[in-house]
1. I'd like the full set of residues that are touching a Pro at 6+ places or on another chain (Cβ under 7 Å), under 16 Å from E64 (Cα atoms) and hydrophobic (A, V, I, L, M, F, W, C), limited to segment 1-46.
2. Of the conditions (1) surrounded by 12 or more Cβ atoms within 10 Å (Cβ to Cβ); (2) modelled with pLDDT under 90; (3) assigned to a helix (DSSP H, G or I), C74 satisfies every one except a single condition; which number is it?
3. Filter segment 16-33 down to residues that are surrounded by 12 or more Cβ atoms within 10 Å (Cβ to Cβ), in a loop (DSSP other than H, G, I, E, B) and of a type in the set (S, T, N, Q), then give me how many there are.
4. Suppose we keep only residues that are in a loop (DSSP other than H, G, I, E, B) and exposed (fewer than 13 other Cβ atoms within 10 Å of the Cβ) within segment 45-71. Which one would you say is nearest to the chain's Cα centre (by Cα)?
5. Inside segment 34-74, can you point out the residues that are at positive phi and among the polar types (S, T, N, Q)?
6. Given the conditions (1) in contact with a helix residue (DSSP H, G or I) (Cβ under 9 Å, 6 or more places away or on another chain); (2) without any contact (Cβ under 8 Å) to a residue 40 or more places away in the chain; (3) part of a loop (DSSP other than H, G, I, E, B), and given that D13 satisfies all but one, which numbered condition is not satisfied?
Amino acid sequence: PFYENGTYVDEWDQDYVRLPCSQSYITKNGTQRWPIIQGSLTKLQHLSETQMAAMEDIKETIEECAGRKYEFNCLER
């Protein structure tokens, strides 16, 4: 949230939206997630721009950004 004086405070609790760029958004081993998300999205963007992106690349990007696995069977037809 931004306060009247224009300063930003990175809040990470149930009262605020938890932004993926927050320094509090970390992996189980303490690594910040934002650089992982940026790298994954940049890689997918490059694959898309060169028309090389496949469903597996999209699935991998979503899972890397979220930090967990998902079932995508309905999208893989």
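1. W34, I37
2. Here C74 meets the rest and fails (1).
3. Count: 2.
4. Here the residue is R68.
5. Q51 - this is the single residue of segment 34-74 that is at positive phi and among the polar types (S, T, N, Q).
6. (1)
The values are calculated or read from the model by the stated rules, or taken from the named source; none is laboratory data. What you are looking at is a predicted structure, and each value in this text was computed from that prediction instead of being measured. Reconstructed Cβ throughout: ideal geometry from the backbone, glycine too, with neighbour counts over all protein chains shown.
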